[in-house]
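A.B. asks: Pasting a structure here, questions to come.
The values are calculated or read from the model by the stated rules, or taken from the named source; none is laboratory data. Just so it is clear, the model here is predicted, and its values are computed rather than measured. Heads up, the Cβs are rebuilt from the backbone with ideal geometry, glycines too, and the neighbour counts pull from every protein chain shown. Ligands, DNA and RNA are excluded from the accessible area calculation, which covers all protein heavy atoms including side chains. Shrake-Rupley method; radii C 1.70, N 1.55, O 1.52, S 1.80 Å.
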Amino acid sequence: KYSMDGKVMVIEIHRPEKKNALLPGMYTAMAEGLRHGDCNDDINVILIRGTDDCFTSGNDINDFVSSGQLEDEAPPITFMNALNEARKPIVAAISGLAIGIGTTLLFHCDLIYASENCFLQLPFSRLGLCPEAGSSYLLPKMTGQVRAAELLLLGDRFPASKAKEYGIINEVLPQDEYLEYALDKAKALAALPSQAIQTSKRLIKRGQQNVVAETMKVELDDFSRLLQSPEAQAIFQAFLNKKKNS
């Protein structure tokens, strides 16, 4: 869902009946929203949110099972590129679950606010996969190597308080305050001189965009290879069978 709040464009991940699990069309819609916001003079800030009880549970597992070789123009890759190339600031408001891409997309955002009941997870190794969205470069840069290894190799779920401690998010708020707080920060950002904000963002991330783009290509090759592996496919099937029988 897209909406406007002054000069803030809100992109809402909205598939609540499936815990906002992402399908190819949703990635495409989010990428288009980011591109639109980036080139529209009436928009100064983009805010990404989910529903109050879930940001996103990550990529739909059914899509993992049915997907073939991931190409450069695949919807998830288009979305990741749109995040990496965004000139305007991106604010994230997260609550409930932020799993997989729900965590890695945050590494491209500029300000991130979480509810106190939010849990993040990078479960790629547990699924027989590897990091994506440039996370193998961005996370060690943010947290240091051993903390990045802890989160990416073990793949355990961790609370928003730990994400703040590790420098992944800005603030943790009460459940009934996180979204309003994030919107207030987005509006405050949108009220500042837009060229100064965009220039400052470019300087903060100077030299990073090309490295991240290159990292995402390397990750994609490995992710694609692992996605087709018997090990990963067996894990996906076991997950789906467990859901079907529960």
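A.B. asks: With all protein chains present, calculate the accessible area of Arg157 using a 1.4 Å probe and round the result to the nearest 10 Å².
C.D. replies: 130
A.B. asks: Would you mind telling me the share, in percent, of accessible area of the chain contributed by carbon and sulfur at probe 1.4 angstrom?
C.D. replies: Details: 6140 of 11630 Å².
Carbon-and-sulfur percentage of accessible area, whole number: 53.
A.B. asks: Additional query: Using Cα springs under 10 Å in a Gaussian network model of the chain, which residue among Asp221, Asp41, Asp110 shows the largest mean-square fluctuation?
C.D. replies: Asp41
A.B. asks: Report, in whole Å, the centroid distance computed from the Cα atoms of region 119-172 and region 206-229.
C.D. replies: Region 119-172 and region 206-229 have Cα centres spaced 16 Å from each other.
A.B. asks: Still on this structure: Would you mind working out the magnitude of the charge dipole of the chain relative to its Cα centre, with +1 at each Lys and Arg C-beta and -1 at each Asp and Glu C-beta, to the nearest 20 Debye? Could the numbers behind the result be given before it?
C.D. replies: Numbers: 26 positive and 31 negative charges, 55 e Å.
Value, rounded to 20: 260 debye.
A.B. asks: What do you get when you divide the Cα radius of gyration of the chain by 2.2 N^0.38 Å, with N the number of residues?
C.D. replies: On the way: Rg = 17.2 Å, N = 246, 2.2 N^0.38 = 17.8 Å.
Computed over Cα atoms of the chain, the ratio equals 0.96.
A.B. asks: Among Met4, Ala160, Asn59, which residue has its Cα furthest toward the positive end of the charge dipole of the chain, with +1 on Lys/Arg Cβ and -1 on Asp/Glu Cβ?
C.D. replies: My answer, from the dipole projection, is Ala160.
A.B. asks: What 222 nm value per residue comes from the helices of the chain, counting each DSSP H run with n ≥ 4 as -39,500 (n - 2.57) and dividing by all residues, nearest 500 deg cm²/dmol? Mind dumping the intermediate values first?
C.D. replies: Working: 11 runs with 117 residues, N = 246.
So the calculated ellipticity at 222 nm is -14000 deg cm²/dmol.
A.B. asks: Where both residues lie in the chain, what percent of DSSP beta bridges are antiparallel, nearest 5?
C.D. replies: Values: 7 of 28 bridges.
In the chain, DSSP labels about 25 percent of beta bridges as antiparallel.
A.B. asks: Provide the per residue accessible area, probe 1.4 Å, for region 6-54, rounded to a whole number of square angstrom. Write down the numbers at each step before the final one.
C.D. replies: On the way: 2080 Å² over 49 residues.
Heavy-atom SASA per residue in region 6-54 reads 42 Å².
A.B. asks: Shape verdict for region 1-63, please, from the Cα gyration tensor: rounded (a/c under 1.5), prolate (a/b greater than b/c) or oblate.
C.D. replies: On the way: a/c = 3.50, a/b = 1.78, b/c = 1.96.
Because a/c hits 1.5 or more and a/b fails to exceed b/c, region 1-63 counts as oblate.
A.B. asks: Also, quick follow-up: Which aspartates and glutamates have a Cα lying under 19 Å from the Cα of Lys18, excluding residues fewer than 8 positions away in the same chain?
C.D. replies: Straight-distance partners of Lys18: Asp52, Asp53, Asp60, Asp63.
A.B. asks: Given the options Phe124, Phe107, Phe236, state which has the largest fluctuation in a GNM of the chain using a 10 Å cut-off (strictly under) for Cα springs.
C.D. replies: Phe236
A.B. asks: Pick from Asn40, Asn81, Asn59: which residue has the top mean-square fluctuation in a GNM of the chain where Cα pairs under 10 Å get a spring?
C.D. replies: So, out of Asn40, Asn81, Asn59, the one fluctuating most is Asn40.
A.B. asks: Checking the table Lys217/Lys244; Lys217/Lys242; Lys141/Lys187; Lys88/Lys243; Lys162/Lys243; Lys162/Lys201 against a 31 Å threshold on Cα-Cα, which pairs fail? Walk me through the numbers on the way to the answer.
C.D. replies: Working: Lys217/Lys244 34 Å; Lys217/Lys242 33 Å; Lys141/Lys187 28 Å; Lys88/Lys243 40 Å; Lys162/Lys243 29 Å; Lys162/Lys201 25 Å.
Pairs exceeding 31 Å: Lys217/Lys244; Lys217/Lys242; Lys88/Lys243.
A.B. asks: Under 8 Å for C-alpha pairs, at least 6 residues apart: give me the relative contact order for the chain, rounded to a whole percent. Let's see the in-between values first.
C.D. replies: Working: 441 pairs, mean separation 51.9, N = 246.
Reported as a whole number, the value is 21 percent.
A.B. asks: Would you rank Tyr2, Tyr113 by solvent-accessible area, highest first, keeping every protein chain in place and using a 1.4 Å probe?
C.D. replies: On the way: Tyr2 120, Tyr113 10 Å².
Descending accessible area places them as Tyr2, Tyr113.
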